[in-house]
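**Student:** Encoded as structure tokens, here's the structure I'll be asking about.
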Amino acid sequence: MIYTCTLNPAVDYIINLPVLNSNQINRVEHASFRAGGKGINVSVVLNNLGIDSVALGFVGDFTGAFIKKDLEQYPHVKSMFIDIKDYTRLNVKINHGYKETDVNDRGPKISDQDFEKLIKQIEKLTEEDMLICSGSTCYGQDDAYQRIAELCEQKKIQYIMDVPGKEILDFIDKKPFLIKPNLQELETYFDIKIKSMKDLILYGKKLVDMGASNVLVSMGSKGSILLDKDHIYRANQIHGHVTNTTGAGDSMIAGFVRSFVQNKDIKKSYLYAVSAGTATVFGEGLATIETCTAYQDKIKIKEIHSWKFAI
């Protein structure tokens, strides 16, 4: 079974405006609510791709109740959230013209007792399962991802981490199956400025040497690369009208996992990851089988052999 873990989920309040004017009343053209948080997004895209998953995490109060209710519409998603007393955060996503502005709440404080409930859930996973941890950590548990990574290594659970900040360096030696930093996060890890493809590959390879089995680096409009101990792959850029970037990285992870559990081929999994991310960026919602398929013939995966000289 595939499990997703969202330590700090949210209800996303998505607002569409023609323009956002500060210090003025802005009239909303369209608004909607949806269950949000990176791990939840992964579960939703896996559902869209026909793959079952179990969503873990913490939810509370009326916003937490909305998340559980909203996920009932997805037949391939089963939720096993831990209920807490405080409310799940509400994040505001404002789409105005060709710009996106996010206002994200910090989220509730998670007690030691509630966090131990999550640990006990993960302890029940086996080597046949996969755990995908995505998004910011929960307030009150600064070492949450480190503890989860240590448990996964101990129980030989294949796990994926897509988390912000330098904390990934605290557990990368616990051998995550996949990590997915973006370009800015890669720079943050090593306190450097990446100025070339040579730099990008050099520091991506460092993450492999430090313990990650696969490193998928997303570069926004410049595409992405995938590295493991033996290969470096790069996908060609696909051009189109960007309608939504929220959930693009989560879609890449879901696409990668969907393909990998079916064929265990890293190159094919990368192709599916890119098609899923592209489908979300250029589509009206999160990627589906149909929208992924529409881009697959347009994506070409090239292996870079002389990485020390690649620019």
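**Student:** Quick one: which residue in Cys133, Cys152 is surrounded by 12 or more Cβ atoms within 10 Å (Cβ to Cβ), touching a helix residue (DSSP H, G or I) at 6+ places or on another chain (Cβ under 9 Å) and either among the small types (Gly, Ala, Ser) or assigned to a strand (DSSP E or B) (or both)? Before the answer, list the steps.
**Tutor:** Working: Cys152 fails: either among the small types (Gly, Ala, Ser) or assigned to a strand (DSSP E or B) (or both).
Only one candidate passes the filter, namely Cys133.
**Student:** Report, by residue number, each residue of the range 198-255 that is among the basic types (Lys, Arg) and open to solvent by 50 Å² or more (accessible area, probe 1.4 Å).
**Tutor:** Scanning the range 198-255 gives Lys198, Lys206, Lys222, Lys229, Arg234.
**Student:** Among the listed residues Asn95, Asn48, identify the single one that is at pLDDT below 95, under 21 Å from the mean Cα position of the chain (by Cα), within 19 Å of Leu286 (Cβ to Cβ) and open to solvent by 30 Å² or more (accessible area, probe 1.4 Å).
**Tutor:** Numbers: Asn48 fails: at pLDDT below 95.
Checking each option against the conditions leaves just Asn95.
**Student:** Looking at the range 80-89, which of its residues are open to solvent by 50 Å² or more (accessible area, probe 1.4 Å) and either touching a Ser or Thr at 6+ places or on another chain (Cβ under 6 Å) or not aliphatic (A, V, I, L, M) (or both)? Outline the logic, then answer.
**Tutor:** Going residue by residue through the range 80-89, those that are open to solvent by 50 Å² or more (accessible area, probe 1.4 Å) are 80, 83, 85-87.
If the condition is that a residue be open to solvent by 50 Å² or more (accessible area, probe 1.4 Å) and either touching a Ser or Thr at 6+ places or on another chain (Cβ under 6 Å) or not aliphatic (A, V, I, L, M) (or both), then Asp83, Lys85, Asp86, Tyr87 are the ones that fit.
**Student:** Ok, one more. Report, ordered by the first and then the second residue, all pairs with beta carbons closer than 6 Å, sequence separation of six or more or different chains, a first member in the range 78-97 that is in contact (Cβ under 8 Å) with a residue 60 or more places away in the chain, and a second member that is in a loop (DSSP other than H, G, I, E, B) and surrounded by 18 or more Cβ atoms within 10 Å (Cβ to Cβ).
**Tutor:** That search, which allows pairs on different chains as well, returns Thr88/Pro9; Arg89/Gly107.
**Student:** Assess whether Lys38 counts as being within 29 Å of Glu128 (Cβ to Cβ), in contact with an Asp or Glu (Cβ under 9 Å, 6 or more places away or on another chain) and of a type in the set (Lys, Arg).
**Tutor:** Numbers: within 29 Å of Glu128 (Cβ to Cβ): yes; in contact with an Asp or Glu (Cβ under 9 Å, 6 or more places away or on another chain): yes; of a type in the set (Lys, Arg): yes.
Yes.
**Student:** While we're on this one: May I ask you to verify whether Phe171 is more than 18 Å from Gly249 (Cα to Cα), open to solvent by 40 Å² or more (accessible area, probe 1.4 Å) and touching a residue at least 12 places away in the same chain (Cβ under 8 Å)?
**Tutor:** Values: more than 18 Å from Gly249 (Cα to Cα): yes; open to solvent by 40 Å² or more (accessible area, probe 1.4 Å): no; touching a residue at least 12 places away in the same chain (Cβ under 8 Å): yes.
Taking the combined requirement at face value, the residue does not satisfy it.
**Student:** Of the residues in the range 24-46, how many are farther than 12 Å from Asp250 by Cβ and of a type outside the set (Val, Ile, Thr)? Before you say what the answer is, go through the steps one by one.
**Tutor:** Taking the range 24-46 as the starting set, the residues that turn out to be farther than 12 Å from Asp250 by Cβ are 24-35.
Filter once more, keeping what is of a type outside the set (Val, Ile, Thr): 24, 26-27, 29-35.
Residues in the range 24-46 being farther than 12 Å from Asp250 by Cβ and of a type outside the set (Val, Ile, Thr): 10 in total.
**Student:** What do you reckon, is Ala144 within 19 Å of Phe171 (Cα to Cα) and buried (at least 21 other Cβ atoms within 10 Å of the Cβ)?
**Tutor:** On the way: within 19 Å of Phe171 (Cα to Cα): yes; buried (at least 21 other Cβ atoms within 10 Å of the Cβ): yes.
Taking the combined requirement at face value, the residue satisfies it.
**Student:** If you go through the range 55-64, how many residues are open to solvent by 10 Å² or more (accessible area, probe 1.4 Å) and under 27 Å from Asp129 (Cα atoms)?
**Tutor:** 0
**Student:** Only one of these conditions is not met by Asn21: (1) over 22 Å from Ala248 (Cα atoms); (2) over 19 Å from the mean Cα position of the chain (by Cα); (3) at pLDDT 95 or above; (4) not basic (Lys, Arg). Which number is it?
**Tutor:** Going through (1) over 22 Å from Ala248 (Cα atoms); (2) over 19 Å from the mean Cα position of the chain (by Cα); (3) at pLDDT 95 or above; (4) not basic (Lys, Arg) one by one, Asn21 breaks only (3).
**Student:** Among the residues of the range 172-197, which ones are outside any helix (DSSP H, G or I) and more than 20 Å from the chain's Cα centre (by Cα)?
**Tutor:** Narrowing the range 172-197 to residues outside any helix (DSSP H, G or I): 175-182, 191-196.
Hits for the range 172-197 are Asp191, Ile192, Lys193, Ile194, Lys195, Ser196.
**Student:** Give just the number: which of (1) free of Cβ contacts under 8 Å to residues at least 60 places away in the same chain; (2) buried (at least 19 other Cβ atoms within 10 Å of the Cβ); (3) under 19 Å from the mean Cα position of the chain (by Cα) does Pro164 not satisfy?
**Tutor:** Unmet condition: (2).
The values are calculated or read from the model by the stated rules, or taken from the named source; none is laboratory data. The shown structure was predicted, so the numbers you read here are calculated from the model rather than taken from an experiment. Note that each Cβ is placed from the backbone with ideal geometry, even for glycine, and that neighbours are counted across all protein chains shown. Surface accessibility is based on the protein's heavy atoms, side chains included, excluding ligands, DNA and RNA. Shrake-Rupley method; radii C 1.70, N 1.55, O 1.52, S 1.80 Å.
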